[in-house]
Amino acid sequence: MYCKFIGKCSESTSCDRVIDVGSEWRTFSNDKATKDPSRVGDSQNPLLSDGDLSTMIGKGTGAASFDEFGNSKYQNRRTMSSSDRAMMNAFKEITTMADRINLPRNIVDRTNNLFKQVYEQKSLKGRANDAIASACLYIACRQEGVPRTFKEICAVSRISKKEIGRCFKLILKALETSVDLITTGDFMSRFCSNLCLPKQVQMAATHIARKAVELDLVPGRSPISVAAAAIYMASQASAEKRTQKEIGDIAGVADVTIRQSYRLIYPRAPDLFPTDFKFDTPVDKLPQL
């Protein structure tokens, strides 16, 4: 806060002439009036070439606002470049996708920066901007430590999983960047939470998946399928049992994929559970599939 009389106001100084840095007007979304009382426009966007600084002329209501033919005398001219317009549309699409899967603002900001770099390099010319935006969102999630599966991104996008995967590889190559390898632990907490499983089952599933990888029981299997199989085994040993279909719907993998990974870890089941796990169903009574 600053004051023209005493400069910066400290906490120990009282001043009744503090400048209000809040919004100029109170604008309500359910207002029925066509006038917008705000005179300052949208916030500046540093990712656009002109900062998205523009002025919109409100709709005239008086006789002086129209010529003799009834046309408005004051009209808005589109000064935004085509590249900025394309990026604005992509940014809106990224925000929409992120909102649908409850991603925080820092993920959106990183995705926007990635898209801007790719768009300005023109390294993916010929690819749809929506596909590039979806792939950038997938990369941003992994770089920020909150990875999402291709199927999760595909579910909130209009692009196929295969096309997102292609753009993902091309973007990594074009930007000369990399992402950390995903592990079973990256998805375990979210999957178990969505399945409403207790903490004990989640910890057991995490332990089972980690031991299975350490013992090399699931070579070539994706971390998602291993996590799904570990959750199935842990839930079947507890009182909170979940079916393969329920787990598959949350994890985005087919029932047969869960069964294949489960069969690989089942023979070593006694060695995979944590020592303090409380069994509702003994290990030798677990489904053999």
* **Karplus 3J(HN,Hα) series, Hz, for region 126-136 with 6.51 cos²θ - 1.76 cosθ + 1.60 (x for Gly, Pro)** => x, 8, 5, 4, 5, 5, 5, 4, 5, 5, 5
* What's the extension gain from GLN121 to ALA86 if we count 0.36 nm per residue and subtract their Cα-Cα distance? -> 11.2 nm
* Structure fact -> Taking 0.36 nm per residue of separation between GLN260 and VAL146 and subtracting their Cα-Cα distance, the length gained on full extension comes to 38.4 nm
* Structure fact -> With all protein chains present, region 83-175 has a carbon and sulfur share of its accessible area (1.4 Å probe) in percent of 48 percent
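The values are calculated or read from the model by the stated rules, or taken from the named source; none is laboratory data. This one's a predicted model, so the numbers in the text were calculated from it and none came from an experiment. Side chains are part of the model used for accessible areas, which takes the heavy atoms of the whole protein and leaves out ligands, DNA and RNA. Shrake-Rupley method; radii C 1.70, N 1.55, O 1.52, S 1.80 Å.
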